[in-house]
1. What about residue B:74, is it surrounded by fewer than 19 Cβ atoms within 10 Å (Cβ to Cβ), more than 10 Å from every other protein chain (Cβ to nearest Cβ) and out of contact with any strand residue (DSSP E or B) (no Cβ under 7 Å at 6 or more places or on another chain)?
2. If you go through the stretch B:144-161 one residue at a time, do you hit one that is surrounded by fewer than 21 Cβ atoms within 10 Å (Cβ to Cβ), under 30 Å from residue B:282 (Cα atoms), out of contact with any strand residue (DSSP E or B) (no Cβ under 8 Å at 6 or more places or on another chain) and away from every other protein chain (no Cβ under 14 Å)?
3. With the structure loaded, tell me whether residue B:186 is in contact with a strand residue (DSSP E or B) (Cβ under 7 Å, 6 or more places away or on another chain), within 14 Å of another protein chain (Cβ to nearest Cβ) and at pLDDT 90 or above or whether it fails that test.
4. Test of understanding: among A:77, A:36, which residue is touching a helix residue (DSSP H, G or I) at 6+ places or on another chain (Cβ under 6 Å) and over 20 Å from residue A:162 (Cβ atoms)?
5. Is the stretch B:30-42 home to any residue that is more than 9 Å from every other protein chain (Cβ to nearest Cβ), under 25 Å from residue A:133 (Cβ atoms) and either crowded, with 18+ Cβ neighbours inside 10 Å or modelled with pLDDT of 90 or more (or both)?
6. Considering only the stretch B:248-282, state which residues are modelled with pLDDT of 85 or more and assigned to a loop (DSSP other than H, G, I, E, B).
7. Kindly indicate the residue of the stretch B:86-117 that is within 7 Å of chain A (Cβ to nearest Cβ) and either part of a loop (DSSP other than H, G, I, E, B) or touching a strand residue (DSSP E or B) at 6+ places or on another chain (Cβ under 7 Å) (or both) and also nearest to residue A:128 (Cα to Cα) among those meeting that condition.
8. Report yes if some residue within the stretch B:77-85 is within 14 Å of another protein chain (Cβ to nearest Cβ), free of Cβ contacts under 8 Å to residues at least 12 places away in the same chain and within 27 Å of residue B:114 (Cβ to Cβ); otherwise report no.
């Protein structure tokens, strides 16, 4: 049904999307919590930087990543030398690009769910003897769970569809950085590639739909149990 | 023993209060917006004062000058919020167990079974807060706070969100935990009846300051015609003993040195001491002794004070036999028509009465 190359692209996309989502989730939760609960000078600037990938042309984001995390980039050189972590022209780079592009969506959804929590429930937990980290783990996170799940699913879907930043940052190398969108793009540029492009497009539709349905179901389940 | 002295300024509000609370219930009483809630949030550690000192026994919880600040989760002070604030994602049993989990084993002196029994919540254990009534939620919230075996229990208008029927459902539980678990309680309310009924000491707050401190009878009595206590909230508190129960008529007779007080409803035990709260607006004054009116309670007293200003009302203060003070509002017209003056012997006809049935379970607030 699928060629080996198409399978590779599908599996790579799932891998890139999953890793990007899992790796950014804790950071997004932390950033969302800070934006929802803390006031500090420069908060709107931080908020703006978080949202930049949402409003910039993806190509600009990809180029920025190339400058920062490329072999000769400030962070890229450091990470390659000290941690052996190389992003440029690797699937890790595709995951980084996908994670950065999905990050604002994730933060937005999680932040909204933090803001929806009555802080007095958390204060009640504190008066019952729960230290701040316990309050966060036993009250804040469970009550924000549907927003966290929704944010993760949204970011995963975004990661699967990410094209511009990925192709700018890590190019379009089959088996390394060729995700479903890159593969579709390559197929449309090849004579006789239309059938393959259509097949992969249908796969993209199927995965996106599955993710949305899964998110909807989990939200509904969480809502059933967590209304005041 | 809680001692509080805090100053705190917010954008539209300033608080400067100092008071001490001992065993039993200390009532923090005052109109909405007077700072009651802020005071107990400061005691709980949820609000940081600008300066002052808060100590519970010999434990200093906050000292602005010495830089002492104990975080809320280390204060061992229970707080019952006005609207319960149960954990919506946990069932009743887990809500109850939550605070207990964080309480060191050696400090757990209050047992779950006893709390569940006193609060009558045993049948709710598997339910989620969303499925509970307001009264049930409030009882669970009280239980949850109690099960941390706190050194002090703060209750922030725990009955305010409930209708009258539910209030009657909860009040006896508050009385039982006051008497059975021997935890000092700071009870915030703007209801004169709740405070008169529960509190040993009343601290009255106005505009962020303490205006009066004393027993309910002292603090809740009107001081002048235009008293800072609202006309309909001003009460007198009389102490009496249950003399006789008449099941046929469904009334109880309470003996007071000044006369017999008829209370609708049946008090379960004769011979017990009760506190009776009488609103100053519910007292009618009569110069003649008469039983040809529908009011059955007539107390003999002597006018010791008549306060009038140029308004329509006068405040008449009586000294009853036995020494209790009774306050009555009348129109200035009536005072002049009757020629009421200090030294006159009068009959105080009392239309409705509410009772503090301390130590008498199962009784309800009553009004004729």
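1. Numbers: surrounded by fewer than 19 Cβ atoms within 10 Å (Cβ to Cβ): yes; more than 10 Å from every other protein chain (Cβ to nearest Cβ): no; out of contact with any strand residue (DSSP E or B) (no Cβ under 7 Å at 6 or more places or on another chain): yes.
In short, no.
2. No - not one qualifying residue is present in the stretch B:144-161.
3. On the way: in contact with a strand residue (DSSP E or B) (Cβ under 7 Å, 6 or more places away or on another chain): yes; within 14 Å of another protein chain (Cβ to nearest Cβ): yes; at pLDDT 90 or above: yes.
Considered against the rule, which asks whether it is in contact with a strand residue (DSSP E or B) (Cβ under 7 Å, 6 or more places away or on another chain), within 14 Å of another protein chain (Cβ to nearest Cβ) and at pLDDT 90 or above, residue B:186 comes out as yes.
4. Criteria check complete, one pass: A:36.
5. yes
6. Of everything in the stretch B:248-282, those that are modelled with pLDDT of 85 or more and assigned to a loop (DSSP other than H, G, I, E, B) turn out to be B:248, B:249, B:257, B:258.
7. So the first thing to find is which residues in the stretch B:86-117 are within 7 Å of chain A (Cβ to nearest Cβ), and the list is B:87-89, B:98-99, B:102-103.
Filter once more, so that each one left must be either part of a loop (DSSP other than H, G, I, E, B) or touching a strand residue (DSSP E or B) at 6+ places or on another chain (Cβ under 7 Å) (or both): B:87-89, B:103.
Working: B:87: 12, B:88: 16, B:89: 16, B:103: 8 Å.
Result: B:103.
8. As a first pass, look at the stretch B:77-85 and keep what is within 14 Å of another protein chain (Cβ to nearest Cβ): B:77-85.
Now drop any that are not free of Cβ contacts under 8 Å to residues at least 12 places away in the same chain, which leaves none.
Taking every residue of the stretch B:77-85 in turn, none turns out to be within 14 Å of another protein chain (Cβ to nearest Cβ), free of Cβ contacts under 8 Å to residues at least 12 places away in the same chain and within 27 Å of residue B:114 (Cβ to Cβ).
The values are calculated or read from the model by the stated rules, or taken from the named source; none is laboratory data. On a predicted model such as this, the values are computed, not experimentally measured, just so you know. Neighbour counts run over all protein chains shown; Cβ positions are idealised from the backbone, glycine included.
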